[in-house]
Every structure is written in structure tokens, then in C-alpha cells.
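One structure is given below, encoded as C-alpha cells.
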Amino acid sequence: MTYQNYSLKQLQQIDAAHHLHPFTDHKELREAGSRVITHAKGPFIYDSEGTELLDGMAGLWCVNIGYGRDELAEAAYVQMKELPYYNSFFKCSTPTPVLLSRKLAEIAPKNVNQVFYGSSGSEANDTALRLVRHYWVLEGKPEKNRVISRKMAYHGSTIAGTSLGGMDAMHKQLNGAVPNIVHVMMPYAYELALPGESDHDFGLRAAKSVEDAIIEAGADKVAAFIGEPVMGAGGVKIPPASYWPEVQRICRKYDVLLMLDEVITGYGRTGEWFAAQTFGIEPDTMTTAKALTSGYQPLSALLVGDRIAATLVERGGEFNHGYTYSGHPVACAVALKNLEIMEREGLVDRVRNDTGPYFAKALQERIAGHDLVGEVRSIGLMGAIEIVKDKATKERFLPSGSAAVTVRDHAIANGMMLRATGDTMILSPPLIWTRDTIDMACERIGKALDLAQADLRKR
Ligand code: PXG
């Protein structure tokens, strides 16, 4: 029996009876009933009642080539019939992870040429943390095991991912984080720049917090710095241009490895294959997942730089780490086809040269002027809208986070799926969006802002 035989109410009842959702207040959801998304095509998703929504989030930052791609379904089907699964342990390989690894080395920064596979970004960050600590042991410096991260960072939801991340609400539920991880300030000028401080100076000051943490611990104790090139789940926080070059300089100065988490920014989001290229960074590890398959299969790839790889391969012996699904043949077949489509359709260049700049201009010209909007910002096809009560003072509505949820609910009611995090609206659309789709999104968001304003002023 397929789901079409079930009414929405029946699906909601079964969902409420048995399904624990991620990042969800279960009681609240079970009372309200979930929205059931049943199908999708191109840039649109559809719920069980036939409501069409323009998907401003590419699923969850992942469906970069849009929905309904037969070629990906065919790639999975062919691979499943030929070889649905075999492992990459015990001196075995299967063809698709082999070919995908070469492709990833080709598009990655030039010092990055090796790949370790998992099924999720969280797993890949676990691998990254294990690998970096193991590297320093192999180098004869086991005490170099601390990692510097940032407040509001998101690095996944496993124990290592949560510990690396800087989300207070998640840490509160850990009751015991992975030790030796510290969190410094985020490069978020809108709220953290001092009065009169330029973006450039703020970027240097935010980078200096990394240096301060290294000095405080002692460079001989610090293994690595980890950061999302643009913080995603924490609110699309785009660092000033001065930030990353300075962080890289500091890491080199103290011989601290640089770990980039490109789970959101990878595969075209910022107008290059990776944000490392957008910001001119040479990372030692790069965590990628999500858009590697455009979300059609669960797959992550930890891309490993030459420095770590050389030690691991030449002097590491057996690395006692891996997952059943490391290098899953079907997921890798889908990733290969996904990257082929992105290349064939020139999607990364299109974001860099056309839709990215158009998106930035559209947000500035059509959204930034709204009374509820404190700031808009974007890079490539990744954007944020700050919701405020007062544009000049940046005062927010109370309770914190409620205004953005009001905007989001009106947006959804007006055919636009987007996400609220705190008081920030987030956009991360499929890279297939055209100028017309951007126009449609701005019109729907503008309408949602007007309706939200009417509600919020009543309060
Ligand atoms: N790193 C980053 C930068 C991420 O954004 C992960 C790691 C973990 O990936 P997995 O595949 O284990 O989920 C992520 C995931 C949100 C949201 O609300 C963002 C993510 C996941 C769930 C929700 O924006 N990013």
C-alpha cells in the first residue's frame, strides 16, 4: 500500500504515534500535526493537500540541482541493479567511489587530493576530528589535541558534532561534551561590530580571537581551528573579507591545522565549487555532504589535504576508523551524476556571474528597505534577512525569535518556504533558480513582510 491510500489525518496520526522528528518539540508537533510533503519538481515542493511552495531552502541546504531529476534516479537504479552494496574495507573498492574521489580532487583546492566517505556531515566531522588528533599523535605531538571553534557554529548533531558546534541549546543537552574544544567569537558584524568599527577592522578583531585562544592554551596544545566559511544554521553569517586570510595567517604562524566545514557552502553555493576558493583558503580538511548528491542520497566526503594525507599514508599504519557505508556505491553513483549535471548546466558559473549578483541586488533593492528589515546580506545563492523592530537601533521584537517565525508563517501561507533562525530569515535556494524565480521569491517575501508587520504592530 502506498502513501496515496492514506489521508493527511491518518498520516499525521501515525506520525504522532511513532515518529520522533529531529530538532522538534514532540508534544507541540503532535498536537499541531505535521505538514506532509509528498512530491516536488524543479524549484517547487508540494504537500499532501496539493499546496505548491517555492523552496527557498533547497530542502535543507542540499537540493542544489532541484527536484525531479530523472538522471539521478536512473543512476541509482542502474547501480542498484549492478551492485547495490559492497564495502570498501578489507582491501576492496567499488568503481563509483574510486571515480568520485578523482573528481573531487579535481574540483577541490589544489592542496586537497584525498577523500574519506561517510553518510552525513556529522559523521564526516567525527572523521575530521579523529583524523586531526591522530595526525598530531603520528607527528609525535599528542598533547596538540585542542580544537578552536566558534559560538553558534553548527557542525552536526552527533556527540563530536555537537561538541565542535557552538549552539548553547544543544550543549545543554549533552551533559558531557568531547573535551578540549573551545569556542571563540563569530565574525558577525551586524551584532558584534563596535560603534564606528569598519567591517575590515571587525574581521581582524574576530580573527584575533582565534589567536588569543591559541596563545591562552599554548600553541603546542592546539591541534586545529574549525569553521564554516559562511556560518549557515547559525544565521548565514558572512565574514568580512579580512577575516579568512587573517585566520589562515594565524593558523600557519602557530602551526595549527585549518578545518573547513563546507557542508552547506560546498558544491556551488557561493559561486565556486567550494567556499575555500571563494575566500582563497587552503584548508587541511574540508567536510562536505548535502549538495554532493543534491540530497538525493545520503553521502558525505571529508576531503583531506596533502599535509595530513602524507603522514597518514606514509606513517599511519592502519587508521582504525570507518563506516559500513563509507563509499556507498549507489550514493557515489548519484554524486557523480549530480556533479556531471552541475558542470553540464554551468550552475556554479551561473551563480557566480548571474544569479548570485542578481539575488544580491534583488534583496538590496526590494527587501532591504522594508520597515521590518535591519539588514540583508548574501553570497552566491545564500542569503539572510534580519528582522528588527527598529532599523536604526537594531532593536528586536520580543520574545526573541517570535518575529521571524511570524514572517516565516506568512511566507509559507504565500507559497514561499523559508527558514527562521533566531530573528534571521534564511534563504538557500536550489542553484537552478533563475532571475524569474528570484523575482517570484522577492515578491512573496515582500508580501509576507507586509502581513507580518501588520501582525507585529498589533502586539
Ligand atoms: N556541518 C554543517 C556546516 C552543517 O550545516 C552538518 C555539519 C551536519 O550534517 P548532517 O548531514 O549530519 O546533518 C550540517 C548540517 C538547519 C540545519 O536547521 C542545518 C543542518 C542540519 C539540520 C538543520 O539549518 N546542517
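The values are calculated or read from the model by the stated rules, or taken from the named source; none is laboratory data. Nothing here was measured: the structure is a model prediction, and the numbers come from that model. Cβ: placed from backbone, ideal geometry, glycine included. Neighbour counts: every protein chain shown. Heavy atoms of the whole protein, side chains included, go into the accessibility calculation; ligands, DNA and RNA do not. Shrake-Rupley method; radii C 1.70, N 1.55, O 1.52, S 1.80 Å.
Looking only at segment 53-94, count how many residues are surrounded by fewer than 16 Cβ atoms within 10 Å (Cβ to Cβ) and either within 16 Å of the ligand (Cβ to nearest atom) or within 27 Å of T265 (Cα to Cα) (or both).
Number satisfying all stated conditions: 6.
Could you tell me whether any residue of segment 297-307 is part of a helix (DSSP H, G or I) and either out of contact with any Phe, Trp or Tyr (no Cβ under 8 Å at 6 or more places or on another chain) or not hydrophobic (A, V, I, L, M, F, W, C) (or both)?
Taking segment 297-307 and keeping what is part of a helix (DSSP H, G or I), we get 306-307.
Cutting the leftovers down to either out of contact with any Phe, Trp or Tyr (no Cβ under 8 Å at 6 or more places or on another chain) or not hydrophobic (A, V, I, L, M, F, W, C) (or both) gives us 306-307.
Yes, that holds for at least one residue.
Just to check your reading of the model, which residue among A403, A335, A420, A360 is in contact with a strand residue (DSSP E or B) (Cβ under 9 Å, 6 or more places away or on another chain), buried (at least 17 other Cβ atoms within 10 Å of the Cβ) and under 30 Å from L83 (Cα atoms)?
A335
How about segment 131-231: which helices (runs of 4 or more DSSP H) wholly inside it have at least 1 residues that are within 25 Å of the chain's Cα centre (by Cα) and of a type in the set (S, T, Y)? So that I can check it myself, show each step before the final result.
Working: elements: 159-164, 168-172, 189-192, 199-217.
Here the list reads 159-164, 189-192, 199-217.
Take Y190 and decide whether it is farther than 26 Å from V115 by Cα, of a type in the set (S, T, Y) and not assigned by TED's automatic domain parsing to the domain that holds I426.
Details: farther than 26 Å from V115 by Cα: yes; of a type in the set (S, T, Y): yes; not assigned by TED's automatic domain parsing to the domain that holds I426: yes.
Criteria met by Y190.
Scan A219, A207, A153, A160 and give me the residue that is buried (at least 17 other Cβ atoms within 10 Å of the Cβ), away from the ligand (no atom under 16 Å from the Cβ) and aliphatic (A, V, I, L, M).
A207
Here are I412, I426: which of them is within 16 Å of the ligand (Cβ to nearest atom) and in a helix (DSSP H, G or I)?
On the way: I426 fails: in a helix (DSSP H, G or I).
Result of the check over I412, I426: I412.
Among the strands (runs of 3 or more DSSP E) contained in segment 8-123, which hold 1 or more residues that are at negative phi and of a type in the set (V, I, T)? Steps first, please.
Values: elements: 37-41, 44-47, 52-55, 112-118.
It comes to 37-41, 44-47, 112-118.
Is there a residue in segment 157-174 that is closer than 22 Å to A310 by Cα and in contact (Cβ under 8 Å) with a residue 60 or more places away in the chain?
From segment 157-174, those closer than 22 Å to A310 by Cα are none; that's our starting set.
No, because not a single residue in segment 157-174 is closer than 22 Å to A310 by Cα and in contact (Cβ under 8 Å) with a residue 60 or more places away in the chain.
Give me the residue from segment 282-295 that is more than 9 Å from the ligand (Cβ to nearest atom), open to solvent by 10 Å² or more (accessible area, probe 1.4 Å) and in contact with a Phe, Trp or Tyr (Cβ under 9 Å, 6 or more places away or on another chain) and, out of that set, nearest to D126 (Cα to Cα).
By that ranking, first place goes to D284.
Considering only residues of segment 423-457 that are under 21 Å from N64 (Cβ atoms), within 20 Å of the chain's Cα centre (by Cα) and not polar (S, T, N, Q), which is surrounded by the most Cβ atoms within 10 Å (Cβ to Cβ)?
M425
Just checking, how many residues over segment 379-400 are within 16 Å of the ligand (Cβ to nearest atom) and open to solvent by less than 10 Å² (accessible area, probe 1.4 Å)?
Taking segment 379-400 and keeping what is within 16 Å of the ligand (Cβ to nearest atom), we get 379-385.
Next, from what is left, pick out any that are open to solvent by less than 10 Å² (accessible area, probe 1.4 Å): 381-385.
So the answer is 5.
Could you check segment 268-281 and list, in sequence order, the residues that are in contact with a strand residue (DSSP E or B) (Cβ under 7 Å, 6 or more places away or on another chain) and crowded, with 24+ Cβ neighbours inside 10 Å?
R269, T270, F274, A276 - these are the residues of segment 268-281 that are in contact with a strand residue (DSSP E or B) (Cβ under 7 Å, 6 or more places away or on another chain) and crowded, with 24+ Cβ neighbours inside 10 Å.
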